[in-house]
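Let me begin by presenting the structure, written as structure tokens, before commenting on it.
Every number here is computed from the coordinates shown, using simple stated rules; none is lab data. Computed from a prediction, not measured in an experiment: that's the story for all the values here. Cβ: placed from backbone, ideal geometry, glycine included. Neighbour counts: every protein chain shown.
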Amino acid sequence: MVTGPSGAGKGTLIQLVLPRFPELALVVSATTRSQRPGEHEGVHYWFLSREEFAEKIAAGEFLEWVDYVGNLYGTLDSEIDRLREQGRAPLLELETDGAIRVKRRAENAVTIFVTAPVDELERRLRSRATESSGVIDERIETARRQLELVAQFDYVVENDNKERAADAFAAIVAQALDGAATMAAQ
Ligand code: 5GP
């Protein structure tokens, strides 16, 4: 499970690390936020209306879900089941509250907190500029709060240099996959 503030580079690191582990697969979350240019349905997210999302909450289809800066995001149980049926290890990318909730329910889940210095986070969020400036300010404020939660996670990866951070991330994933294989063999 990968968590950390928006702008820390979780997505970039995941894209660098995923190709190194064919058995690892990224879980596609559902969200009510609007699709950004270059994002595809079923690849980056399942883009749902609020009504569709609410129906899935009522039907108990989410492992976890959150309201993050005015939009809903959630992990569908069906997405995790689908990957497990393929014999693959699911990798979840979540904001911090969702990650804490999943960790409580699945103690064996390994959590990696990706972080970057606050001024760097702010610079990245502003340069992304796909959201209005009010939303960006709110994301920066949320990022500051999320940085305080670091102690709740198993590993911290400082994303100051993306190649170095990707190597550190990959080493943790290798160890976690090894641990999972050992557990499955017992
Ligand atoms: P973005 O709008 O930038 O794609 O995502 C905003 C935040 O929501 C990011 O921190 C991302 O990790 C988080 N996020 C994406 N999918 C999920 C999810 O299924 N559950 C939770 N709790 N957070 C998610």
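Numbers for the structure displayed
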{"item": "Where Asn108 falls short, out of the listed (1) of a type outside the set (A, V, I, L, M, F, W, C); (2) over 16 Å from the mean Cα position of the chain (by Cα); (3) surrounded by 13 or more Cβ atoms within 10 Å (Cβ to Cβ); (4) not in a helix (DSSP H, G or I)", "result": "(3)"}
{"item": "Flag if Glu23 is under 30 Å from Ala174 (Cα atoms), surrounded by fewer than 19 Cβ atoms within 10 Å (Cβ to Cβ), out of contact with any strand residue (DSSP E or B) (no Cβ under 6 Å at 6 or more places or on another chain) and of a type outside the set (Phe, Trp, Tyr)", "result": "no"}
{"item": "Residue in the range 42-50 that is farther than 28 Å from Glu158 by Cα, within 15 Å of the ligand (Cβ to nearest atom) and exposed (fewer than 14 other Cβ atoms within 10 Å of the Cβ) present", "result": "yes"}
{"item": "Near pairs, Cβ below 8 angstrom, 6+ apart or cross-chain, from the range 1-16 (within 13 Å of Val150 (Cβ to Cβ)) to any residue that is hydroxyl-bearing (Ser, Thr, Tyr) and near the ligand (Cβ under 10 Å from one of its atoms)", "result": "Thr3/Thr96; Gly4/Thr96; Pro5/Thr96; Pro5/Thr142"}
{"item": "Residue check, Gly98 part of a helix (DSSP H, G or I), within 24 Å of Val150 (Cβ to Cβ) and of a type in the set (Gly, Ala, Ser)", "result": "yes"}
{"item": "Residue within the range 101-124 that is more than 19 Å from Ala8 (Cα to Cα), in contact (Cβ under 8 Å) with a residue 60 or more places away in the chain, more than 10 Å from the ligand (Cβ to nearest atom) and not basic (Lys, Arg) present", "result": "yes"}
{"item": "Residue satisfying all of: in the range 112-144; β-branched (Val, Ile, Thr) and not in a helix (DSSP H, G or I); farthest from the chain's Cα centre (by Cα) among these", "result": "Thr130"}
{"item": "Matching residues in the range 44-76 - criterion: being in contact with a Phe, Trp or Tyr (Cβ under 9 Å, 6 or more places away or on another chain), closer than 25 Å to Ala143 by Cβ and not in a strand (DSSP E or B)", "result": "Phe53"}
{"item": "Of all residues in the range 84-100 being away from the ligand (no atom under 16 Å from the Cβ) and free of Cβ contacts under 8 Å to residues at least 40 places away in the same chain, the one that is surrounded by the fewest Cβ atoms within 10 Å (Cβ to Cβ)", "result": "Glu85"}
